[in-house]
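Shown next, in structure tokens, is the structure this report addresses.
The values are calculated or read from the model by the stated rules, or taken from the named source; none is laboratory data. Remember, predicted model here, so these are calculated numbers, not experimental data. With ideal geometry, Cβ positions are generated from the backbone for all residues, glycine too; neighbour counts draw on all protein chains shown. These accessible areas exclude ligands, DNA and RNA; they are computed on the full protein's heavy atoms, side chains included. Shrake-Rupley method; radii C 1.70, N 1.55, O 1.52, S 1.80 Å.
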Amino acid sequence: MINDYYRPDTFEQAIALLTDVRKKCKPLGGGTRLSRQQGGEFGVVDLQNVGLDKIKEQGQRIMVGAAARIHSLLEHPDIHTEIKRAIRIDTSENIRNMATLGGWLVSSDARSILSTVLLAVDATLTWKPGEKRIRMGNWLPMRNQEPPGVLMTTVEWWMRPHLVFEYVARSPKDRPILIVAAAQWGSGRTRSALGGYSNTPIIAMDGPDNSGVDVASHDAYFDAEDQWAMADYRREVASKLARRCLDRIDALKESEA
Ligand SMILES: Cc1cc2nc3c(=O)[nH]c(=O)nc-3n(C[C@H](O)[C@H](O)[C@H](O)COP(=O)(O)OP(=O)(O)OC[C@H]3O[C@@H](n4cnc5c(N)ncnc54)[C@H](O)[C@@H]3O)c2cc1C
């Protein structure tokens, strides 16, 4: 239950509040998840005035403030169209107007297409205090253990790789039971991520070219069984969706040639 509310005007004040152990504060993004949290008593530090909502380009990378609202990604010209498609599938208009990218990454599960796609483009997170940069693929498995800091400040990723995703849901409005996202860089480096099962998306493959993406997807979800789908269904379809992703990337490259 929230028993204290702070709305600092500067980033430094936010960090001071969050590092004060007596205050037991958590960062408040859009509050769509935190406001429903019942366990224990804690304070919140509202991030809306601390300037962590900017989106900017830096070389080949896009840098998004962790307190940027999800809807602001939809409006930005440098956000990849597949990321925008993922947002539209994952979120209602109300949620995307409220939720922040940082809050989404901290609390979304494996059935989030947005999180799966950002894992495929090798997103990197920066945490404070300090300037701890950690790749999303290294952070996700330990997300519920010790966080790298008190506040995620930036989420950044490569802008230019070809990026596609495919997914299966039991009905058009249902959440996905299987997601395959693939990114391919100009060098040939190919990285694929799977979602739809367990607590977080996972990396299926990160290699110098696209060989073996289908086998890696099959193997990564070898035991992926839960109440929503059998493991043999997930692994067979993951392999097919991975091939479909590669076909789509090849078609994109041909259309650009
Ligand atoms: C109606 C509804 C539908 C949803 N559908 C989906 C869905 O389809 N798929 C899915 O995966 N999830 C879904 N969710 C959950 C969703 O991921 C979260 O509710 C939401 O995105 C959290 O974002 P927020 O900015 O509101 O975070 P908050 O509620 O403000 O915070 C959530 C958590 O993140 C922490 N946090 C926030 N910002 C930061 C930061 N900058 N640094 C460090 N920690 C931070 C908070 O302390 C808290 O622990 C849904 C939620 C709702 C209410």
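What length, rounded to one decimal in nm, is gained on full extension from residue 189 through to residue 16, with 0.36 nm per residue of separation minus their alpha-carbon distance?
In short, 58.2 nm is gained.
Classify the range 1-100 as rounded, prolate or oblate, taking a ≥ b ≥ c as the square roots of the eigenvalues of its Cα gyration tensor: rounded when a/c is under 1.5, otherwise prolate if a/b is larger than b/c and oblate if not.
Note, shape of the range 1-100 comes out oblate.
When the chain is fully extended, how far beyond the present Cα-Cα distance does residue 230 get from residue 9, taking 0.36 nm per residue of separation?
Extending this stretch completely gives an extra 74.6 nm.
Roll a 1.4 Å probe over the protein heavy atoms and report the accessible area of residue 84 in Å², nearest 10.
30
Cross-link candidates for residue 56: which aspartates and glutamates have Cα within less than 19 Å, leaving aside residues fewer than 8 places away along the same chain?
75, 78, 82, 122, 131, 156
In percent, how large is the relative contact order of the chain, given Cα pairs closer than 8 Å and 6 or more residues apart?
15
Counting only C-alpha contacts under 8 Å and six or more residues apart, can you give the relative contact order of the range 181-240 as a whole percent?
Reported relative contact order: 25 percent.
Tally Lys and Arg at +1 and Asp and Glu at -1 over the other residues with C-beta under 12 Å from the C-beta of residue 89: what net charge comes out?
+3
With charges set only on the Cβ (+1 for Lys and Arg, -1 for Asp and Glu), what does the dipole of the chain come to about its Cα centre, in debye to the nearest 20?
Taking the Cα centre of the chain as origin, the dipole is about 420 debye.
Please give, to one decimal in nm, the separation of the simple spin-label points placed at residue 132 and residue 76, each 7 Å out from Cα toward the Cβ.
Calculated label separation equals 2.4 nm.
Within 10 Å of each candidate Cβ there may be at most 11 other Cβ atoms; applying that plus a DSSP loop requirement, which trypsin sites (Lys or Arg not before Pro) in the range 138-217 survive?
170, 173
Counting only helical runs of four or more DSSP H residues, what would the 222 nm mean residue ellipticity of the chain come to if each run contributes -39,500 (n - 2.57) and the total is spread over all its residues?
-9500 deg cm²/dmol
Based on the alpha-carbon gyration tensor of the range 180-238 and its eigenvalue square roots a ≥ b ≥ c, which shape applies: rounded if a/c is under 1.5, prolate if not and a/b is larger than b/c, or oblate?
Because a/c hits 1.5 or more and a/b exceeds b/c, the range 180-238 counts as prolate.
Once you have the Cα-Cα distance between residue 256 and residue 145, take 0.36 nm times their residue separation minus that, and quote the gain in nm to one decimal.
Here the answer is 35.6 nm.
Checking the a/c ratio against 1.5 first, then a/b against b/c, what shape does the Cα gyration tensor give for the range 129-203?
Cα axes put the range 129-203 in the oblate bin.
So, counting K/R as plus one and D/E as minus one, what does the shell of residues with Cβ under 12 Å around residue 244 add up to?
Net charge in that neighbourhood comes out at -1.
Any chance you could look up the accessible area of residue 132 with a 1.4 Å probe, heavy atoms only, rounded to 10 Å²?
We get 100 Å² for residue 132.
Carbon and sulfur together cover what percent of the accessible area of the range 42-109 at a 1.4 Å probe radius?
Result for the range 42-109: 48 percent of the exposed heavy-atom area is carbon or sulfur.
Determine by what factor the alpha-carbon radius of gyration of the chain differs from 2.2 N^0.38 Å, reporting the quotient.
1.02
Relative contact order for the range 12-61: what is it in percent, counting Cα pairs under 8 Å that are at least 6 residues apart?
36
Using modelled backbone amide H atoms (1.01 Å from N, in-plane), which distant-in-sequence or interchain residues come within less than 5 Å of residue 28's amide H?
Amide H neighbours of residue 28: 45, 46, 47.
Are there GluC sites (Glu not before Pro) in the range 89-176 that DSSP puts in a loop and that have at most 11 other Cβ atoms within 10 Å, and which ones?
Sparse-neighbourhood loop GluC sites (Glu not before Pro): 131.
Work out the FRET efficiency for residue 33 and residue 88 from their Cβ-Cβ distance, taking R0 = 22 Å, and round it to the nearest 0.05.
The pair residue 33/residue 88 has a calculated efficiency of 0.65.
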